[in-house]
Amino acid sequence: MEPSNKSPSARPPTIAWIGEADGHLELLDQRSLPERVEILRLDTVEGVWSAIQTLAVRGAPAIGCAAAYGMVIAARRADSMPKLKAAAEYLKSSRPTAVNLMWAVDRVMSTIKEPGTPAVIRALEESRRIHAEDAAMCDAIGRHGAPLIHAGDGILTHCNAGRLATGGSGTALAIVYEARRRGVPFKVYADETRPLLQGARLTAWELMDAGIDATLICDSMAAMLMAQKKIRLVIVGADRIAANGDTANKIGTYSLAIAAAAHGVTFAVAAPSSTFDLSLADGSGIPIEERDPAEITAGFGRVTAPPGVKVFNPAFDLTPARLIHSIVTERGIITPVNTQTVRATLNSQ
Ligand code: MRU
């Protein structure tokens with residue numbers, strides 16, 4: 001791993017559109033981290049689909065921003081509305097759970113009435129708006145959520161809900177960064193996040209890069225740390241939140257919420273309004289992505305299970321609203337979490 005003496009701002013951005021309507025998309029390739037900082041240059045819709053599917057870009061808000069720029073490329077290529085709509089559906093099929101993906105693609109699509117250069121320009125303007133709004137939402141989540149962190153806290157986070165997962169400073173980690181900016185002393189535990197190790201590869205890298213006191217643990221160690229009173233607060237991100245607050249997030253989140261409830265630990269979710277799916281009354285309708293069994297049997301190329309073993313590999317789980325103390329959004333904190341409070345906060349401003 002490279003020495004972490006660079007300021008976070010010296011790192012390449014997670015997502016960048018280079019140039020104007022004839023430009024291209026650049027992604028900080030998260031498959032290479034923490035070993036190498038590599039930039040992926042994309043100028044095809046297939047390339048953007050593949051980058052999302054293979055987690056070169058991942059995290060709900062970041063997927064939405066990348067797919068929006070993918071629509072600029074699609075608008076450049078399409079010579080008819082049916083072809084553009086097909087490209088939009090194709091991009092939306094890259095991953096099923098994070099609703100930001102569908103939300104962002106639909107938002108860009110809604111600006112286009114017929115293909116052509118003006119449509120490409122409008123698609124780029126809308127994508128840039130989505131990206132800028134996401135960055136602003138991250139900062140607002142940080143401001144609203146910072147008071148959740150108290151001096152001396154041990155904080156646990158899962159997967160990566162930081163700048164690598166968004167178009168800005170993060171969701172759960174935006175709160176951490178803002179609390180640090182306010183001078184609050186705390187330490188963060190990062191779950192490794194089996195099987196793809198986003199916590200180990202990405203969150204540990206990102207937190208060290210930002211100079212945060214971070215300790216890496218295996219997923220299975222969280223309950224023990226709670227029993228030892230080393231964790232007072234769990235903060236995670238979200239991939240889709242139903243109208244009643246039920247939350248889909250990286251597999252293992254539900255176990256953390258149960259462990260937190262058993263130990264009197266505060267369990268909070270941080271997410272922008274673009275992660276809410278109010279068309280679903282509760283979480284039972286959220287599609288849960290199942291990924292390649294090889295991620296478990298031969299993760300990162302090393303065979304760790306007998307050939308032919310049956311595997312179940314859901315990438316997300318569902319945490320019921322009753323286990324969530326608060327959801328931090330850019331519009332304020334939802335607590336307690338239920339259909340009325342979700343609606344009231346999302347309708348505010
Ligand atoms: O499979 P991933 O890496 O895309 O899963 C990401 C998560 O589960 C994050 O916690 C979530 O998207 C929060 S984004 C700020």
Problem - Radius of gyration and Dmax over the Cα atoms of the chain, both given in Å - result: 19.5, 62
Fill in the blank from the handout: Taking 218-228, 237-247, 181-191 and ranking on average Cβ neighbours within 10 Å, highest first, one gets 237-247, 181-191, 218-228
Problem - the range 29-161 - Rg and Dmax from Cα coordinates, angstrom - result: 16.8, 59
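Sum -39500 (n - 2.57) across every DSSP H segment of at least 4 residues in the chain, then divide by the residue count to get the 222 nm mean residue ellipticity, nearest 500.
Helices in the chain give a 222 nm mean residue ellipticity of -11000 deg cm²/dmol.
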Practice task
Quick one: P(r) of the range 216-284 from all Cα-Cα pairs, 10 Å bins, percents rounded to integers, in order of increasing distance.
Solution key: 20, 47, 25, 7, 0
Fill in the blank from the handout: Quick note, the range 142-263: a/c under 1.5 would make it rounded; otherwise a/b > b/c is prolate and the rest oblate (a ≥ b ≥ c, C-alpha gyration tensor); here it is rounded
Handout entry: Cα-Cα over 25 Å, subset of K113/K250; K92/K250; K92/K113; K250/K310; K83/K250
Key = K113/K250; K83/K250
Completion exercise
In degrees rounded to 10, the 0-90 angle between helix 99-109 Cα long axis and the longest Cα principal axis of the chain is 20 degrees
Handout entry: Under 19 Å from K230, Cα to Cα: aspartates and glutamates that are on another chain or at least 8 residues apart
Key = D153, D191, E192, D213, D219
Practice task
May I ask you to list the GluC sites (Glu not before Pro) in the range 24-109 that are in a DSSP loop and have at most 13 other Cβ atoms within 10 Å of their Cβ?
Solution key: E35
Problem - Principal-axis tilt of helix 253-263 within the chain, Cα atoms, nearest 10 degrees - result: 20 degrees
Problem - Debye log10 I(q)/I(0) for the range 57-115, one point scatterer per Cα, at q = 0.14 Å⁻¹ - result: -0.32
Handout entry: the range 272-349 and the range 114-159: distance between their alpha carbon centers, rounded to Å
Key = 18 Å
Problem - In degrees, nearest ten, helix 81-92 long axis to first principal axis of the chain (Cα) - result: 20 degrees
Exercise for the section: Tell me the label-point distance for the pair K310, C218, using the 7 Å Cα-to-Cβ offset, in nm and rounded to one decimal. Expected result: 2.5 nm
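A short reminder: the numbers here are calculations on the coordinates, not readings from a lab. This is a predicted model, so every value here is computed, not measured. When we count neighbours, we look across all protein chains shown, and the Cβ atoms used for this are built from the backbone with ideal geometry, even at glycine.
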